[in-house]
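A.B. asks: Questions regarding the structure given below will be posed in turn.
Values quoted throughout were computed directly from the atomic coordinates according to the rules given, and no laboratory measurement underlies them. Predicted model only: the values in this text are computed from it and were never measured. Cβ sites come from the backbone with ideal geometry, for glycine too, and all protein chains shown count toward neighbours.
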Amino acid sequence: MPTRRTVLTLAATLPAVALSARYAGASTPPVYSNDGVAVDASDVVAYFQEGKPVKGSADITYGWKGVEWHFASVANRDTFANDPAAYAPQYGGYCAWAVSEGYTASTIPEAWKIVDGKLYLNFSRRIQRRWERDIPARIAAGDTNWPGVLT
C-alpha cells in the first residue's frame, strides 16, 4: 500500500479525479469509463483504421466488459464485436503511464499511441510524452502491474 507521501506526490502530479479508487480503499472497475461509456465515446477501431481519435455515435454501440463502446460506423462496431480485445485499449483504457507507476488514472482520447498492434491511452499529452521516453520499459512495468492496480 502506498504511503501518505506517495499519495500526496501523486495528488500534486494529477488532478484528484484522476487518482485511482485504490487510494480511497475502493476497488477500481476493470474498464475506465465516463457514465458507463468507454474512451469518452471515441471509436477505438478508428485509431487503427484512420490513425486518429474519431467520436463515436450514441446510436452505434456495443456492450463489452460492463461498459458501452461507441462507434462512428456499423462496420467499425461489427469489427470490434468480432474481436474486442484486438481493439480495446490496454489496461482497461486507464492511463498507460499511471499503470506503469502502479496506480490508475483517467485518460483522454487525444493522448494515444499504437505499439505492436495495441492501443495505449494516457491521462494527457504531457503525461504521454513522459510515457514515450521509454515505451518498452513502461509497457513492461504496466504489464507487470496490470490488473493488480485495480484492487
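A.B. asks: All but one of (1) basic (K, R); (2) more than 28 Å from S27 (Cβ to Cβ); (3) surrounded by fewer than 17 Cβ atoms within 10 Å (Cβ to Cβ) hold for K65; state the number of the condition that does not hold.
C.D. replies: (2)
A.B. asks: E132 - would you say it is buried (at least 17 other Cβ atoms within 10 Å of the Cβ) and out of contact with any Pro (no Cβ under 7 Å at 6 or more places or on another chain)?
C.D. replies: Against the criterion (buried (at least 17 other Cβ atoms within 10 Å of the Cβ) and out of contact with any Pro (no Cβ under 7 Å at 6 or more places or on another chain)), E132 does not qualify.
A.B. asks: If I ask for residues that are in contact (Cβ under 8 Å) with a residue 12 or more places away in the chain and out of contact with any helix residue (DSSP H, G or I) (no Cβ under 9 Å at 6 or more places or on another chain), which ones from the range 85-105 would you list?
C.D. replies: Across the range 85-105, there are no qualifying residues.
A.B. asks: Going through the range 43-53 one residue at a time, which ones are buried (at least 19 other Cβ atoms within 10 Å of the Cβ) and either of a type in the set (V, I, T) or within 17 Å of D78 (Cβ to Cβ) (or both)? Walk me through it before giving the result.
C.D. replies: We begin by selecting, within the range 43-53, every residue buried (at least 19 other Cβ atoms within 10 Å of the Cβ); these are 43-47, 53.
Once the filter is applied, which keeps residues that are buried (at least 19 other Cβ atoms within 10 Å of the Cβ) and either of a type in the set (V, I, T) or within 17 Å of D78 (Cβ to Cβ) (or both), the range 43-53 yields D43, V44, V45, A46, Y47.
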